[in-house]
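Reading through the structure tokens given below for one structure.
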Amino acid sequence: MTGEPVQHTAAENVCDDLDFACLLTADDAPARIRAALLMAEQARGSRFWADISAHRLVGERAVLVDRLLISLWAHFELSGEGHIALVAVGGYGRKELHPGSDIDLMVLLTEAPGAQQGEKIQQFLTFLWDVGLEPGHSVRTVADCVQEATGDITVATSLMESRLLTGPAGLFHEMRHCTGRNAIWDSAAFFSAKSEEQVARHHKFHDTAYNLEPNIKEGPGGLRDIQMIGWVVKRHFYADSYRELLSRGFLTEPEYDSLVAGQNFLWRIRYALHLVAGRREDRLLFDYQRELATRLGYRDQPEGLAVEQLMQDYFRTVRELRCLNEVLLALFREFFLHGSDDAEVIPINKRFQVRNGLLEVVDDAVFRRRPLALLEMFLVLQSHPGMKGVHPETIRLVRDHCYLIDDNFRDDPKAHALFLRIVRQKRGVAHGFRRMHRYGVLSAYLPIFARIVGQMQYDLFHAYTVDDHTLRVVRNLRELSQAHRYLEFPHCMEVFKRLPRPELLYLAGLLHDIAKGRRGGQHAQQGAVEALRFGEHHGLASEDSELISWLVRHHLLMSMTAQKQDIGDPKVVRRFSMQMGSRNRLDHLYLLTVADIRATNPELWNGWKETLLKDLYEAAAEQLECGTKVIPKPTALVASARRRARELLLQEGGDETAIEGLWSSLGNDYFLRTVPEDIVWQTLAILQHDEAEPRLVLLREISGGTEVFVYTRDQDYLFAATTALFNGLGLNVLVANVHTTPTGMSVDTYIVLEAASGAPVTDAHRRSRVWGRLRQALLHPQEVACTEMRMPQRRYRHFLIPTRVDFFSEEALLATRMEVVSADRPGLLSRIGRVLVENRVHLTTARIATLGERAEDYFLLKDDAGQPLDETAQAGLRACLVAELDTPA
């Protein structure tokens, strides 16, 4: 299905000089034809890079393959048969052959082939493989076609697009007649089945086109969505051009132009992708994105990298195509399902009414008479939850009248009131924003939002474009008001209940990344300015505008504090609490942070992050209640931890003498960094452990992760060996607390998750294996520390992040804090651990933060004398780490 057919002239078609009949007479015919096809493909590739359209080139390849197949059919003495035909199906039937496309064929017969004929068909197909083509084929009678197509809509679709290559036309037309809409799958049934097929296909991509590595063929808004329109048109109207939709009133001229332009853009991307990949590849993988951007003429600019510009064009194109798909399928649905029905019309007000459960305008001039109805429509939808959606003709009118949302509209207090009423509704806020976005209203009303539409961030941390992420944040915030989600987010929902005006939180979610459409400066700071301007422009109270602006400015603060700092350190909690200033701000930021992380990447949120944020929230809330000026002294903290742990141990029948004897050997640092509940179970484990066995290893499940406790004689490479083992077992380390007692014992705690699933280690056999392998590793840690690491995942190899090492003084802890930023890869912690040993540096705590392809880890360190590192030691350690981490393993 195309816009206008392409005429292929002899001068333009490089295949015209190829005489396949002659080539087939050579002894080395397969090799000669394979070489000829390769030369033709290379010639088309050169012409493509010279700016010949993919539309023309895919047709040329189909013509070339047609000629080869017809010659081969005759060569294998199949063309003289009166009861057998060779038929192109699928994409080849449409004459759409990209460089890596399969050659979909059907051998059509009047009856099942005999032995001799079957042998000829097999020789024909084998020859195709020998010359480098990859045929997808079927051998069917007309009855077979009817049976298969009746039971499988994909077969029916493929046959509908079939094209006779050679053989009796009567046989071909009989097959088309017997599988046509008057025989099986009438227009309405065909439309319904294909619609369900599209819904299922979209679900496979989480119903979003905005993925890091999108599938340009199968993904929402991709080529399949365009083909879906073509299939319906072909089935019902027997049309081969989208122009048929114009004459029948289903498409407007601008929509037709958008549809054809979108298809041409995607074809250009797909053609280039096949050339760059050297094979059929429909996923825009990181492996190819940078090269594609360069080859297609994009260049790095101050406003964005070349690859980001390419992907933004792609995402904006598929967004438009998906909206066109939605409108057209809704029109088809009305046409097929309601047709000439006299539908009941239910008036809503002077501007809107309901027809067949869909909201529509009372006439085509509503938006011209009252532009504010462009916003009012979404409020009406929220107020009538029983509606199924918006009538496609009204969607079209909205899209066509977005130009009415100009500066005067945006400055109108009535528009401000309508927008705020939409945000304050008890239902439909997130759905309303997403509809406003799809129809173009949101970008028209908030021009700064238009800058982030389709904006990709070239990393592995952000799985979605900025606009899609933003709307997901709003959705996540709205879910906290829905009672049926309580079991999933009980703590967050209790906090949400205390919010006096939840709409302020929704607005903060809508605006938190709004300045990512600008280059230069910090987006949070710039966004805070925009948020304040929004609040003042919409007449919000000054304290409300300031709260939204404050949330935008600090929307990363809680996440970074929880993941990159020791929230068990009272100074960290006090500093964070002072930045909050009030419980109200803490409540809002906590909920915004949870919603933001959950909307960033589906693999990012886990029970461990939930626990971290909850612990930080509760510690900060307690600090705010006590007052931020209260600074507990370390000696008081140690005494408090010991007192509480002693009480718990004695309740369980612990021996106070044995307890005190063990505790006297552990040192005060242990009690500063370990909560009483952990002190209790670790104390019991050590006291019950056989002293003759020097290796104590225990695993237990905690909230959000698996805790691994190690108590053994301290020795070099212990941390490096342990983390190397975890890497080899497919475990990710989130936190490492490493403590060496004055008596030379190592008391270490690790929090780990399964690398593949992000879940705790729950399987009993798996836990047993981890336990046994770790105990074995503790016997020879240096050998284990130097074992080879797992190869990094394919995606990670495309992001080069130079290692940066910074040092900070932690005077109260008599230690040096080292922060390492580097490319994440398997075995990173182990390599860092080996460098620490080689530089005679001792680790006390490690905290791990992985942001996509980027690792941002921090370590508390001491020298051999138990003192902070001096400048010379820091410089030497930095140089060794950079050399180790920036050299391939």
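The values are calculated or read from the model by the stated rules, or taken from the named source; none is laboratory data. Only a predicted model underlies this, so the values are computations on that prediction, with no experimental measurement involved. Here the Cβ is made from the backbone with ideal geometry for all residues, glycine too, and neighbour counts use every protein chain on show. Ligands, DNA and RNA are excluded from the accessible area calculation, which covers all protein heavy atoms including side chains. Shrake-Rupley method; radii C 1.70, N 1.55, O 1.52, S 1.80 Å.
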In region 478-495, how many are of a type in the set (D, E, K, R), in a helix (DSSP H, G or I) and under 17 Å from residue 611 (Cβ atoms)? 1
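Hey, among 189, 183, 149, which residue is open to solvent by less than 20 Å² (accessible area, probe 1.4 Å), free of Cβ contacts under 8 Å to residues at least 40 places away in the same chain and out of contact with any Phe, Trp or Tyr (no Cβ under 7 Å at 6 or more places or on another chain)?
149
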Suppose we keep only residues that are closer than 18 Å to residue 724 by Cβ and under 24 Å from the mean Cα position of the chain (by Cα) within region 824-856. Which one would you say is least open to solvent (accessible area, probe 1.4 Å)? 855
Among (1) closer than 21 Å to residue 500 by Cβ; (2) open to solvent by 20 Å² or more (accessible area, probe 1.4 Å); (3) not basic (Lys, Arg), the one test that residue 579 misses: (1)
Would you mention how many residues in region 513-530 are assigned to a helix (DSSP H, G or I) and surrounded by 16 or more Cβ atoms within 10 Å (Cβ to Cβ)? 10
Among residues of region 117-129, those that are exposed (fewer than 13 other Cβ atoms within 10 Å of the Cβ) and either in contact with a helix residue (DSSP H, G or I) (Cβ under 6 Å, 6 or more places away or on another chain) or charged (D, E, K, R) (or both), counted: 1
When you scan region 666-702, how many residues do you find that are more than 26 Å from residue 815 (Cβ to Cβ) and either touching a Pro at 6+ places or on another chain (Cβ under 9 Å) or free of Cβ contacts under 8 Å to residues at least 12 places away in the same chain (or both)? 6
For residues that are among the hydrophobic types (A, V, I, L, M, F, W, C) and over 18 Å from residue 262 (Cα atoms), scanning just region 302-313, find the one that is surrounded by the most Cβ atoms within 10 Å (Cβ to Cβ). 307
Any hit, region 531-554, residues being under 24 Å from residue 573 (Cβ atoms) and open to solvent by 60 Å² or more (accessible area, probe 1.4 Å): yes
Since residue 96 meets every condition but one in (1) in contact (Cβ under 8 Å) with a residue 24 or more places away in the chain; (2) out of contact with any Ser or Thr (no Cβ under 9 Å at 6 or more places or on another chain), which condition does it not meet? (2)
Checking the condition without any contact (Cβ under 8 Å) to a residue 12 or more places away in the chain, among the basic types (Lys, Arg) and open to solvent by 40 Å² or more (accessible area, probe 1.4 Å), which residue from 283, 316, 290, 299 passes? 299
Matching residues in region 853-889 - criterion: being charged (D, E, K, R) and in a strand (DSSP E or B): 854, 856, 857, 862
Do we have any residue at all in region 708-718 that's in a strand (DSSP E or B), without any contact (Cβ under 8 Å) to a residue 40 or more places away in the chain and aromatic (Phe, Trp, Tyr)? yes
Of the numbered conditions (1) small (Gly, Ala, Ser); (2) closer than 30 Å to residue 312 by Cβ; (3) open to solvent by less than 30 Å² (accessible area, probe 1.4 Å); (4) out of contact with any Ser or Thr (no Cβ under 9 Å at 6 or more places or on another chain), residue 200 fails exactly one; give the number of that condition. (3)
Which residue is farthest from residue 704 (Cα to Cα), if the candidates are limited to region 769-779 and must be part of a helix (DSSP H, G or I) and open to solvent by less than 70 Å² (accessible area, probe 1.4 Å)? 777
Is it true that some residue in region 780-794 is among the acidic types (Asp, Glu), open to solvent by 70 Å² or more (accessible area, probe 1.4 Å) and over 25 Å from residue 862 (Cβ atoms)? yes
Would you check which residues across region 50-75 are crowded, with 17+ Cβ neighbours inside 10 Å and either polar (S, T, N, Q) or part of a loop (DSSP other than H, G, I, E, B) (or both) and list them? 71
(1) in contact with a helix residue (DSSP H, G or I) (Cβ under 9 Å, 6 or more places away or on another chain); (2) surrounded by fewer than 19 Cβ atoms within 10 Å (Cβ to Cβ); (3) farther than 26 Å from residue 265 by Cα all hold for residue 35 apart from (1)
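How many residues does region 101-116 hold that are within 27 Å of residue 149 (Cβ to Cβ) and either open to solvent by 20 Å² or more (accessible area, probe 1.4 Å) or part of a loop (DSSP other than H, G, I, E, B) (or both)?
So the count comes out to 8.
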At least 2 residues that are of a type in the set (D, E, K, R) and either closer than 30 Å to residue 607 by Cβ or more than 48 Å from the chain's Cα centre (by Cα) (or both) in each: list the helices (runs of 4 or more DSSP H) lying fully within region 636-706 that qualify. 656-666, 676-688
Consider only pairs whose beta carbons are under 7 Å apart and that are at least six residues apart or on different chains; among these, list those whose first residue lies in region 551-564 and is within 20 Å of residue 607 (Cα to Cα) and whose second residue is open to solvent by 10 Å² or more (accessible area, probe 1.4 Å) and among the polar types (S, T, N, Q). 557/579
Checked 237, 205, 265 against criteria (open to solvent by 10 Å² or more (accessible area, probe 1.4 Å), within 29 Å of the chain's Cα centre (by Cα) and without any contact (Cβ under 8 Å) to a residue 40 or more places away in the chain); the one match is 205
Among (1) β-branched (Val, Ile, Thr); (2) within 24 Å of residue 335 (Cβ to Cβ); (3) in contact (Cβ under 8 Å) with a residue 40 or more places away in the chain; (4) crowded, with 20+ Cβ neighbours inside 10 Å, which single condition is residue 216 missing? (2)
Quick one: in region 336-355, of everything that is touching a residue at least 24 places away in the same chain (Cβ under 8 Å), more than 26 Å from residue 420 (Cα to Cα) and not charged (D, E, K, R), which residue is surrounded by the fewest Cβ atoms within 10 Å (Cβ to Cβ)? 337
Qualifying residues in region 439-495 (those that are of a type in the set (Asp, Glu) and open to solvent by less than 30 Å² (accessible area, probe 1.4 Å)) - the one farthest from the chain's Cα centre (by Cα): 479
Would you check if there is a residue in region 349-367 being on the phi > 0 side of the Ramachandran plot and under 36 Å from the mean Cα position of the chain (by Cα)? yes
Among what's in region 59-83 and is of a type in the set (D, E, K, R) and touching a residue at least 60 places away in the same chain (Cβ under 8 Å), pick the residue that is nearest to residue 271 (Cα to Cα). 66
